[in-house]
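The values are calculated or read from the model by the stated rules, or taken from the named source; none is laboratory data. This structure is a prediction, so every number in the text was calculated from the model and none was measured. Note that each Cβ is placed from the backbone with ideal geometry, even for glycine, and that neighbours are counted across all protein chains shown. The protein model used for the area step is the full one, side chains on, heavy atoms only, and it has no ligands, DNA or RNA in it. Shrake-Rupley method; radii C 1.70, N 1.55, O 1.52, S 1.80 Å.
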Amino acid sequence: DAVCSSSQSITRMASFSRSAAGSTSSAFKHPLGVSAEFLWPFAAQHNVKGLTTKQVKDKVVKPMTRADSCSLVRLLQSWPGNDGVLVGKANVFVSHAWMYKFTDVLEVLLEYDRQRRGGEKVFFWFDIFS
């Protein structure tokens, strides 16, 4: 059941994120993350439906960042109007498999964000953007 597995994934991610967010391990050395307000518009603008996370990284993110030789999250940080809306200090670490459909991963992240409404703003440390 997709709802059940999404809820279980959210619970596992939330549990892991609380321990990773305070960590200084190499797995969490890039402290900036992207918000839910960035994720769906990014997916829609770049027509990522059906693509895996690896394909999104290779076909969309790498070409966008190649000229600047930095991560997309660093580029977003300097965009006009960001002001902590698109990028902020990461407080949730995203773990995924490269073969997963990008939109499936986004659905889990956005559901997690919806469950947190009213709490601390969520910024996802997601390796393809960081």
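Scan F129, F42, F38 and give me the residue that is of a type in the set (F, W, Y), assigned to a loop (DSSP other than H, G, I, E, B) and under 12 Å from the mean Cα position of the chain (by Cα).
Working: F42 fails: assigned to a loop (DSSP other than H, G, I, E, B); F38 fails: assigned to a loop (DSSP other than H, G, I, E, B).
Of F129, F42, F38, the one residue that is of a type in the set (F, W, Y), assigned to a loop (DSSP other than H, G, I, E, B) and under 12 Å from the mean Cα position of the chain (by Cα) is F129.
Just give me the residues in the range 69-90 being open to solvent by 30 Å² or more (accessible area, probe 1.4 Å) and in contact with a Phe, Trp or Tyr (Cβ under 7 Å, 6 or more places away or on another chain), in sequence order.
Residues satisfying the conditions are L86, K89.
Every residue, every condition in (1) surrounded by 12 or more Cβ atoms within 10 Å (Cβ to Cβ); (2) aromatic (F, W, Y), yes or no:
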site	(1), (2)
W40	yes, yes
H46	yes, no
Q55	yes, no
F93	yes, yes
V108	yes, no
G119	no, no
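I need every pair where a residue in the range 103-130 that is without any contact (Cβ under 8 Å) to a residue 12 or more places away in the chain has its Cβ under 6 Å from the Cβ of a residue that is β-branched (V, I, T), sequence separation at least 6 or different chains.
R116/V122
From the list S78, S23, S17, S9, which residue is polar (S, T, N, Q), at pLDDT below 95 and touching a strand residue (DSSP E or B) at 6+ places or on another chain (Cβ under 8 Å)? First the steps, then the outcome.
Working: S78 fails: touching a strand residue (DSSP E or B) at 6+ places or on another chain (Cβ under 8 Å); S23 fails: touching a strand residue (DSSP E or B) at 6+ places or on another chain (Cβ under 8 Å); S9 fails: touching a strand residue (DSSP E or B) at 6+ places or on another chain (Cβ under 8 Å).
Just one listed residue meets the conditions, S17.
Take K54 and decide whether it is of a type in the set (K, R), free of Cβ contacts under 8 Å to residues at least 60 places away in the same chain and not in a helix (DSSP H, G or I). Outline the logic, then answer.
On the way: of a type in the set (K, R): yes; free of Cβ contacts under 8 Å to residues at least 60 places away in the same chain: yes; not in a helix (DSSP H, G or I): no.
So K54 fails the test.
With (1) within 19 Å of Q45 (Cβ to Cβ); (2) modelled with pLDDT under 90 as the list, and V105 as the residue in question, which single condition is left unmet?
Of (1) within 19 Å of Q45 (Cβ to Cβ); (2) modelled with pLDDT under 90, only one is false for V105: (2).
Take residues that are on the phi > 0 side of the Ramachandran plot and tell me which of the helices (runs of 4 or more DSSP H) falling wholly in the range 62-120 contain 1 or more. Steps first, answer last, please.
Values: elements: 62-65, 72-77, 102-115.
Counting at least 1 such residues, we get no helices (runs of 4 or more DSSP H) at all.
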